[in-house]
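Notes for the one structure printed next.
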Amino acid sequence: MGTTFQDIKYALRMLAKNPAFTAIAVLTLALGIGVNTAMFSVVNSVLLRPLPFPQPDRIVQVLRHYRDGSKPPAISVPMILYWQKSNKVFDHVAAIQFLPVGFNLSQGNEPESISGTHVSADFFPVLGVKPALGREFSREEDQPGGPAWW
């Protein structure tokens, strides 16, 4: 134990003799620790931590591709309805439009523009969550010509 303290004292004396080297060493260590911490935070939140839904391993995303490898611009509503009707594998089939859509929210006198997206009626059951406000969508609202939700 005595030799360890002697080694530490010697290292501190050498670092005190060369302040430029000491500053570079400290900055290098600080930068390395900071970068590793940032990388671990990203990897932990994206890859290691499970999704905040019950049974996230049972959620799958189905995409449609053309034979040449390109993606179609969108999947049509009749195609989604066909998948829902002919489904024999999944508990629920839901659709989501990934492009944000602008909505007007009015509470009182001042309307507010908010960003959202279009989803099908099974969206919340697929995720296993309830809406924070309001109610879930009905299947009748998903049908072409069905009742409007507003």
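Since every read-out is calculated from the coordinates, none of them should be taken as a lab result. Computed from a prediction, not measured in an experiment: that's the story for all the values here. Neighbour counts run over all protein chains shown; Cβ positions are idealised from the backbone, glycine included.
The stretch between Met79 and Phe53 holds 6.7 nm of extra length on full extension. This uses 0.36 nm per residue minus the Cα-Cα distance. About its Cα centre, the dipole of segment 56-142 is roughly 440 debye, where the only charges are +1 on Lys and Arg Cβ and -1 on Asp and Glu Cβ. Ranking Asn109, Pro144, Pro54 by Cα position along the charge dipole of segment 34-150, where only Lys, Arg, Asp and Glu carry charges on their C-beta atoms, puts Pro54 farthest toward the positive end. Across segment 29-84, the volume of the C-alpha convex hull divided among the residues equals 164 Å³ per residue. When every Cα-Cα distance of segment 56-142 is counted in 5 angstrom steps from zero, the calculated P(r) takes the values 3, 11, 18, 22, 20, 13, 7, 4, 2, 1, 0 percent. With just the Cα atoms defining each centre, how far is segment 86-150 from segment 1-77? Give it in Å. So the separation of the two Cα centres works out to 36 Å. Note that the chain, at 4 °C in a medium of 1.567 mPa s, gets a Stokes-Einstein diffusion coefficient of 60 µm²/s from its Kirkwood radius over C-alpha pairs. Between Gln61 and Ala25, residue separation times 0.36 nm minus the direct Cα-Cα distance comes to 8.2 nm. The C-alpha atoms of segment 2-48 occupy a region whose extents along the principal axes are 45, 28, 6 Å, arranged from largest to smallest. Put simply, when 83-95, 45-57, 127-139 are sorted by average Cβ atoms within 10 angstrom per residue, most first, you get 83-95, 127-139, 45-57. Put a plus charge on the Cβ of each Lys and Arg, a minus charge on the Cβ of each Asp and Glu, and nothing anywhere else: the dipole of the chain about its Cα centre is then about 700 debye.
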